[in-house]
Ligand SMILES: Cc1cc2nc3c(=O)[nH]c(=O)nc-3n(C[C@H](O)[C@H](O)[C@H](O)COP(=O)(O)OP(=O)(O)OC[C@H]3O[C@@H](n4cnc5c(N)ncnc54)[C@H](O)[C@@H]3O)c2cc1C
Ligand SMILES: NC(=O)c1ccc[n+]([C@@H]2O[C@H](COP(=O)([O-])OP(=O)(O)OC[C@H]3O[C@@H](n4cnc5c(N)ncnc54)[C@H](O)[C@@H]3O)[C@@H](O)[C@H]2O)c1
């Protein structure tokens, strides 16, 4: 058994862990980055990047099929070669991963340790069975994993998660997707557009991350017009038969249907990787999911020298949040016991469906009823959206009823990934709707639709 003594031990070399390592080293501390799984980060290997690559292929197929309304005719069949699609997804993904691997290679060998770490006590870690690490401070940056409901295990190796999709060599014929959340919508729609026969089943009526009922209903109908989506599915039985998964369910039309699938994709949410960390051996207070209680600003667990960042703490499981939080946790671990709130940017979330879904600032569900007013725009007759035949979408913007301060927005519509940035910046700058309306709006752009919603909410502000 080896023993290593270090200032800051970091569990997990993902986005948060790498940022924590750099911050601790920049603050002049010795740091050890402990990684149990493959290097490369979830985002690059099996998350953000390969999912967007698959979606890009799906968009190409969709655009090719929808040229006729412009008077542009693609003559002949549109052929989707599953092998070529998956080859590009994996090839480009590997390129992104290689950049991360290069940066890990640049970290001195003595600062890296391979193996899964578990706590023996607050500041002692056992890594696999080969090394004991004695640290002055610890950063937990172990990420998250798909949480799979127990009954799905009946499907055996026909049950897959996002990681498996990105190692496919070709496209399957039929896939059942459970969970119309962010991952289920993105992958479900992409697979459908690539010619895979897809059913998307939900449990409690949710569509993506949306919390505004009107926007959620619009999104549901929009996606239902394109592929089978039941956000509140009635599943009667699930079984494995030969190489196939067999699902009996009550369809949206009210009929009992039995269908066979090559794969069942579980996209039913992700949970922090805390099981197996031996947190029960620490003095840390844990919540019901076994995650240590921590301060959302400093990421410190209680008053201890232990910090938690990225998907492991599950505040906002997004890439840019993991990077910010890693930096906060690493620099606070280095300066412990002198800890400071880290940078918290305005909330922003984008689902890369088509139309895209976006949310900025406060969620509708978190706003105090009676304290805010809402403005609406439909993108169906919005000039630029109609020109491009991207005229599907509905947006709600929220403002403080008394002051007119812009609080946030939820919507589905064209160019949402870009508009979300403008609006998130307005939230972060604390702008009022009146100030936002003093900003330039070019013509003809989708943002003119946003202006319509802002004007509608401005008219309701009581000051
Ligand atoms: C399909 C998919 C698509 C996504 N798309 C987007 C997107 O478009 N935009 C966006 O912002 N976010 C997206 N995300 C979310 C984003 O990928 C995550 O929020 C982010 O990668 C989290 O980074 P992390 O550092 O917390 O975790 P990770 O990158 O997962 O790093 C955690 C590391 O800890 C290691 N580890 C775990 N336990 C131990 C242990 N005991 N000891 C040592 N090492 C351990 C793991 O092996 C892993 O390498 C997506 C996620 C998925 C799954
Ligand atoms: N574009 C992006 O930024 C992006 C893309 C993918 C993932 N992510 C991140 O990954 C996180 C996890 O994504 P996710 O989609 O797994 O989780 P999610 O929480 O967004 O969605 C899970 C969905 O599964 C449903 N569900 C739960 N149990 C079910 C069951 N038994 N049967 C059917 N449906 C069930 C839930 O009601 C919900 O709709 C997201 O919260 C997000 O932060 C981000």
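Only one entry in 200, 161, 246 is under 19 Å from the mean Cα position of the chain (by Cα), outside the structural domain of residue 366 (by TED's automatic domain parsing) and without any contact (Cβ under 8 Å) to a residue 60 or more places away in the chain, namely 200. Being touching a strand residue (DSSP E or B) at 6+ places or on another chain (Cβ under 8 Å), modelled with pLDDT of 95 or more, farther than 29 Å from residue 187 by Cβ and surrounded by fewer than 18 Cβ atoms within 10 Å (Cβ to Cβ) is a property that residue 10 lacks. Highlighted here are the helices (runs of 4 or more DSSP H) found entirely within the range 1-99 that include at least 1 residues which are more than 11 Å from ligand 1 (Cβ to nearest atom) and closer than 27 Å to residue 195 by Cβ: 48-65. If you check residue 239 against the conditions, is it surrounded by 21 or more Cβ atoms within 10 Å (Cβ to Cβ), modelled with pLDDT of 95 or more and part of a strand (DSSP E or B)? No; evaluated as a whole, the condition is false for this residue.
Looking only at residues of the range 55-78 that are loosely packed, with under 10 Cβ neighbours inside 10 Å and free of Cβ contacts under 8 Å to residues at least 40 places away in the same chain, we find that the one that is nearest to residue 352 (Cα to Cα) is 68. Do you know which residues across the range 212-234 are in contact with a helix residue (DSSP H, G or I) (Cβ under 9 Å, 6 or more places away or on another chain) and more than 15 Å from residue 357 (Cβ to Cβ)? Across the range 212-234, the qualifying residues are 227, 228, 230. Counting the residues of the range 160-203 that are more than 16 Å from ligand 1 (Cβ to nearest atom), within 15 Å of residue 269 (Cβ to Cβ) and either modelled with pLDDT under 95 or not in a loop (DSSP other than H, G, I, E, B) (or both) gives 1. Filter the range 294-334 down to residues that are closer than 21 Å to residue 429 by Cβ, assigned to a loop (DSSP other than H, G, I, E, B) and within 15 Å of ligand 1 (Cβ to nearest atom), then give me how many there are. Selection size over the range 294-334: 2. Any residue at all in the range 315-338 that is loosely packed, with under 14 Cβ neighbours inside 10 Å, without any contact (Cβ under 8 Å) to a residue 12 or more places away in the chain, under 26 Å from the mean Cα position of the chain (by Cα) and more than 16 Å from ligand 2 (Cβ to nearest atom)? No - not one qualifying residue is present in the range 315-338. Scanning the range 84-122 for residues that are surrounded by 11 or more Cβ atoms within 10 Å (Cβ to Cβ), over 24 Å from residue 141 (Cβ atoms) and more than 16 Å from ligand 2 (Cβ to nearest atom) yields 84, 85, 86, 87, 88, 90, 92, 95.
The values are calculated or read from the model by the stated rules, or taken from the named source; none is laboratory data. Computed from a prediction, not measured in an experiment: that's the story for all the values here. All Cβ positions, even for glycine, are placed from backbone atoms using ideal geometry, and neighbour counts span all protein chains on display.
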